[in-house]
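The values are calculated or read from the model by the stated rules, or taken from the named source; none is laboratory data. Values in this document were obtained by computation on a predicted structure and should not be read as measured data. No Cβ is skipped: glycine too gets one built from the backbone with ideal geometry, and neighbour counts run over all protein chains shown. These area figures cover heavy atoms from the full protein model, side chains too; ligands, DNA and RNA do not enter into them. Shrake-Rupley method; radii C 1.70, N 1.55, O 1.52, S 1.80 Å.
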Amino acid sequence: MDIATQSEVLLRSAGYETWTWPGGGVPVVCFENASVAGFLHVFGSGEGLLADWRQVQQATLGRHAASLRSAGAKAWNVYALFLAGGSEPVLARQIERIEEDFSMTRKIARGDLRTAADLRRTLLPLLPVLSAPVIGGADYRARLRARLSDVPDDAAAAFLGAASASDVARILVDAP
């Protein structure tokens, strides 16, 4: 899996602008939206990630320092992501502990990313919350009527019937 390309696809679909920066020592995908800016670094191995993440972060932040300084409130919401596809599972905890370093940026670090689902789970803190509505063979009139339990019966009947909005409003105003 091409982590950088797949990350760009996910981030763009979430409304981020993305672009690559070739000067980071490892592939870097830069991203931002109205409230977040970030840098996604892709390492060839978990060992390389553990060995080099600090210097890679320093180089990236150094290169983009002027832009970050002028970013206003967004400068408080900068993410650095450190990702690796080819990583030994035994390194997973060491890699994840990078997130406990609160200096300079918020961090997300993962190794052993093998599938698009792994990558999506990793990027969840940056993606909008989505819920899949459950739509089944339901009686929508009955469900709506149940939600209108605080509305007088004649107003609910008028609303669910063919009454005009002004008729429904008059019924509600005249209700005890």
Convex hull around the C-alpha positions of segment 67-117: the volume in Å³ per residue is 92 Å³
Sorted largest first, the Cα spans of segment 1-103 on the principal axes come out in Å as 39, 28, 23
Carbon/sulfur accessible area of segment 21-106, % of total, 1.4 Å probe, equals 55 percent
Once both label points are put 7 Å beyond Cα along the C-beta direction, the ARG63-ALA157 separation in nm becomes 7.1 nm
Between the modelled labels at LEU127 and GLU17 (7 Å from Cα along Cα→Cβ) the distance in nm is 2.4 nm
Simple spin-label estimate for SER103/TRP76, 7 Å along Cα→Cβ, in nm, reads 2.2 nm
The extension gain from ALA142 to ARG170, computed as 0.36 nm times the residue separation minus the Cα-Cα distance, is 7.7 nm
Taking the chain, the equivalent ellipsoid from its C-alpha gyration tensor has semi-axes in Å, biggest first, of 51, 20, 14
FRET efficiency for SER35 and THR115 from the Cβ-Cβ distance with R0 = 35 Å, rounded to 0.05, comes out at 0.75
Regression test value, accessible area per residue of the chain, probe 1.4 Å, units Å², expected 60 Å²
Here D for segment 47-148, in µm²/s, from Stokes-Einstein with a Kirkwood Rh over Cα pairs at 4 °C and 1.567 mPa s, works out to 77 µm²/s
Computed ³J(HN,Hα) along segment 75-81: with the Karplus parameters 6.51/-1.76/1.60, θ = phi - 60°, integer Hz and x for glycine or proline, the list is 5, 8, 10, 9, 10, 10, 10
Contact order relative to length for segment 14-89, counting C-alpha pairs under 8 Å separated by 6 or more residues, stands in percent at 34 percent
One would report the antiparallel percent of DSSP beta bridges in the chain, rounded to the nearest 5, as 45 percent
